[in-house]
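Engineer: I have a structure here, written as structure tokens, and I will follow up with some questions on it.
Please treat every number below as a calculation from the coordinates, not as lab data. Since we're looking at a predicted model, the values are computed, not measured. Heads up, the Cβs are rebuilt from the backbone with ideal geometry, glycines too, and the neighbour counts pull from every protein chain shown.
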Amino acid sequence: MAGIWQVFGGSDELVLSVCKDELPGLSMPSKLARFMSSLKHDEVSLIATESVAKGFQAMVEDNSFCNRARLLCHKSQIAKIDGRVKFYYKRGKLLDIVQDGLVTGNCGKTALREEVEGMQLHSNVFRVKEINTVRQKLLFPDFHDSRVAGNVSFLPHKIAQNVPFNSQQLMSLVEALHILPTGSDLLIKLMVIALEMCEAPPSSIETKSCVISLESMAKFVYSVLDGSTHNVGLVDDIVSTTKLSNHVVTVKGAKLISPSSVKHVACHNLLFPFRVYYCHYVKSTNMYLVSLKNEKSGVEQSVVAECHMDTKPYPP
């Protein structure tokens, strides 16, 4: 198999194909299609032409652009952002940050404490031995997007090419999108964090790119696969894990579906006014399909687990 393309999007395990030239024969799943821009073709062409001639500010001269493009700019939507804990690696350090609608590790701080007392459980990071051990109990995290994060769309590629997506022009971007400074502190902080993640150098075993359009994502995957797009596999987990979230689950079994010898790309969504994915290929990574059972409800589901077999670049 030449490669596996997997996109992690909060509650969704997404797979996608948007550029037939780069990834022929693959179709776009419905879950990803809902992130496509709602702007009409003629409007996209006009805005793209104007932005080349007059700069990015010309794209959003009126504040209705955000609503038409389904972006996160309006104060009523920004006010709904809720703070959760999200972890990520940056310059070799594991940091706790405030994030919206992504992986949360706070489930052990709830009434579940009584249920998990005396058990060695992890809420975000698991060891290979744990997911491969039948009857092993785990505390399953909440991977779901908030409603706000789930409604943000990609920018059309023609427009995205002219967007100043960098930390030096952050405040220009905030101003151009008509984001009011008052009441937008958390959103702006998340934008800073996203840009820091995207601009930080990759680890020694990582190839990375932050993408703000579907076409850019497809091109990155194509480059990781070295231009080999024949026999590309897709990993598509369309089942919601809501019934497992914040519950103790038992491992019923695990199956290796992609060894580290097979290249695959994982993309993690970052909260931003438009849809942004942190996409990377990490060497020495195995992919498993793990069958889990919610001990309280009896619900059984299979989920995808990415296991980094070489952890030397990361904190202990």
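Engineer: Just to be sure I understand the model, the point goes 7 Å from the Cα along the line to the Cβ. What's the resulting residue 256 to residue 128 distance in nm?
Structural biologist: Inter-label distance under the simple model: 0.8 nm.
Engineer: Would you mind computing Rg(Cα) / (2.2 N^0.38 Å) for the range 137-204, counting N as its residues?
Structural biologist: Taking the Cα Rg and dividing by 2.2 N^0.38 Å, one obtains 1.40.
Engineer: Something else now. Which three lengths, in whole Å and largest first, does the range 260-303 cover when its Cα atoms are put on their principal axes?
Structural biologist: 36, 35, 9
Engineer: Of the peptides 249-259, 153-163, 285-295, how do they stack up when ordered by the mean number of other Cβ atoms within 10 Å, highest first?
Structural biologist: Highest mean packing first, the order is 153-163, 285-295, 249-259.
Engineer: Something else about it: Using a simple spin-label model with points 7 Å from Cα along the Cα→Cβ vector, what separation in nm is obtained for residue 311 and residue 41?
Structural biologist: For the pair residue 311/residue 41, the computed spacing is 5.1 nm.
Engineer: Once both labels are modelled 7 Å past Cα along the beta-carbon direction, what's the residue 79-residue 243 spacing in nm?
Structural biologist: Result for the modelled spin labels: 3.7 nm.
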